[in-house]
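The values are calculated or read from the model by the stated rules, or taken from the named source; none is laboratory data. Since the model is a prediction, treat every value here as computed from it, not as a measurement. FYI the Cβ positions are ideal-geometry reconstructions off the backbone, even for glycines, and counts take in every protein chain you see.
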Amino acid sequence: MALVRIKLADSDRARYEGLPEWLEFDLYAPMLSQVKLLKQQVGLRWDELVNRSNAYDMEALGAVYWLAVRAAGHDVTWDDFEVSLGGVDTEEVADDPNSSAPDGAKPTSTPSPRPSRASTASTRGRSSSSRARSSTPTSKK
């Protein structure tokens, strides 16, 4: 999970008035204030949040949703945050910045699949820059 689109249940969007239908949140581009707030209010380091949310840990996913709601302008504390975890839809957004759909358009991303046991191995110590990326163009002969 990196850049994700988050759609809260209608009842949760009503609770946090003014939220857009889809929130976006990037786990690999935190603000320092978010890192500090996560540690102070939730008790998680950022790398723990990333690893646990990638493993579909419900508390970590709740923290991601909380941070996304805060980023959308709602100054709610972790203790006061409430969301129906079963009513949340998430989609992973492609890394290509040109692939984002305009408001109201159908998203171009696909839902994030549940990981297999083999894919939930810890990535502790890896930075986002260590993720494999291929940027070498193929040449035609």
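Residue count for segment 75-94 under the criterion of being among the charged types (D, E, K, R) and in a loop (DSSP other than H, G, I, E, B): the result is 4.
Being modelled with pLDDT under 90 and not in a loop (DSSP other than H, G, I, E, B) is a description that applies to Ser119. Would you pick out the residues in segment 11-43 that are more than 13 Å from the chain's Cα centre (by Cα) and either more than 19 Å from Asp75 (Cα to Cα) or loosely packed, with under 14 Cβ neighbours inside 10 Å (or both)? Residues satisfying the conditions are Ser11, Ala14, Glu17, Gly18, Pro20, Glu21, Met31, Leu32, Ser33, Lys36, Gln40, Gly43. When Gly87 is tested against (1) closer than 27 Å to Ser33 by Cβ; (2) modelled with pLDDT of 90 or more; (3) touching a helix residue (DSSP H, G or I) at 6+ places or on another chain (Cβ under 8 Å), only condition (1) is not met. Just to be sure, is Tyr65 of a type in the set (Phe, Trp, Tyr), touching a strand residue (DSSP E or B) at 6+ places or on another chain (Cβ under 9 Å) and under 16 Å from Glu91 (Cβ atoms)? Taking the combined requirement at face value, the residue satisfies it.
The single residue among Ala68, Ala63 that is among the aliphatic types (A, V, I, L, M), in contact (Cβ under 8 Å) with a residue 60 or more places away in the chain and surrounded by 18 or more Cβ atoms within 10 Å (Cβ to Cβ) turns out to be Ala68.
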